[in-house]
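Worksheet for the structure shown next.
The values are calculated or read from the model by the stated rules, or taken from the named source; none is laboratory data. As the structure is a computational prediction, the values presented were derived from the model and not from experiment. No Cβ is skipped: glycine too gets one built from the backbone with ideal geometry, and neighbour counts run over all protein chains shown.
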Amino acid sequence: MMDSMTDPLSKPDSERASVETRWRLWLLGLLVLLVLGVPFMLSRSVVFFGQPSVQEHARVKAKEEVQKRFNEGVVMMHAKRYEHALTAFHRVLEIDPKMPEAHVNIGFALLALGKPKVAADFFDTATVLRPNQLNAYYGLGEALSQLGDKFGALQSMETYLHRSAPDDPYRIKAEAAVWELRAELQAEREKGTVNKPASAKAGGGGAK
């Protein structure tokens with residue numbers, strides 16, 4: 001027969017009531033903790049996870065500076081302050097080296113400063129980064145024409161005309177340049193003085 005002192009079911013009613021009361025109080029406390037604590041923890045989680053990471057913050061700041069410097073460069077170009085424009089666009093490329101628009105604008109600034117050889121490199125890079133960067137082909141044609149590479153210039157201008165829209169702002173100038181380059185090359189052929197480009201790169205910009 002089981003000893004009544006060791007049988008939990010044999011405890012007096014008052015003791016069992018005390019145990020049940022403690023359990024109820026404990027459960028009530030847990031419920032209060034859940035009701036009050038969970039929303040608080042969730043709110044703290046939203047604040048914590050809602051904050052951008054260090055990397056994201058740096059990315060946003062870099063993007064803002066790129067846009068700011070790019071806009072400064074454009075303003076300087078319109079004001080014909082080409083050296084200042086170069087400074088702004090070079091800063092853009094320090095942050096985003098693969099931005100074709102910056103390469104193109106540097107190319108046009110260098111053309112305005114009488115540096116077609118360096119300009120041609122920037123235009124050529126822009127066509128590599130983005131094959132449909134149309135004004136890069138136009139700029140490359142201008143640079144190669146100034147360098148005396150009429151084959152390369154014609155090729156670049158024809159590529160521009162082939163891909164550009166009928167109402168593109170550079171189209172009329174490009175058509176005039178193509179007509180002039182063809183006439184000059186034809187005259188040189190008749191005289192037997194046509195020379196091939198000195199390097200493959202010089203005449204390869206429009207083929208991309």
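Please list, ordered by first then second residue, the pairs with beta carbon atoms under 9 Å, 6 or more apart or interchain, first in the stretch 161-183 and under 18 Å from Gly148 (Cα atoms), second assigned to a loop (DSSP other than H, G, I, E, B) and among the acidic types (Asp, Glu).
That search, which allows pairs on different chains as well, returns Ala174/Asp168.
Restricting to the stretch 111-146, name every residue that is closer than 16 Å to His162 by Cβ, small (Gly, Ala, Ser) and not in a helix (DSSP H, G or I).
If the condition is that a residue be closer than 16 Å to His162 by Cβ, small (Gly, Ala, Ser) and not in a helix (DSSP H, G or I), then no residue fits.
Mind listing whichever residues of the stretch 109-127 are without any contact (Cβ under 8 Å) to a residue 24 or more places away in the chain and of a type in the set (Asp, Glu)?
Asp121
Starting from residues that are among the basic types (Lys, Arg) and part of a loop (DSSP other than H, G, I, E, B), keep the ones in the stretch 57-110 and report whichever is nearest to the chain's Cα centre (by Cα).
My answer is Lys98.
If we keep just the residues of the stretch 163-177 that are in contact with a Phe, Trp or Tyr (Cβ under 9 Å, 6 or more places away or on another chain) and not basic (Lys, Arg), which is modelled with the lowest pLDDT?
Selected residue: Tyr170.
Can you find even one residue in the stretch 127-136 that is at pLDDT 95 or above and either basic (Lys, Arg) or more than 32 Å from the chain's Cα centre (by Cα) (or both)?
yes
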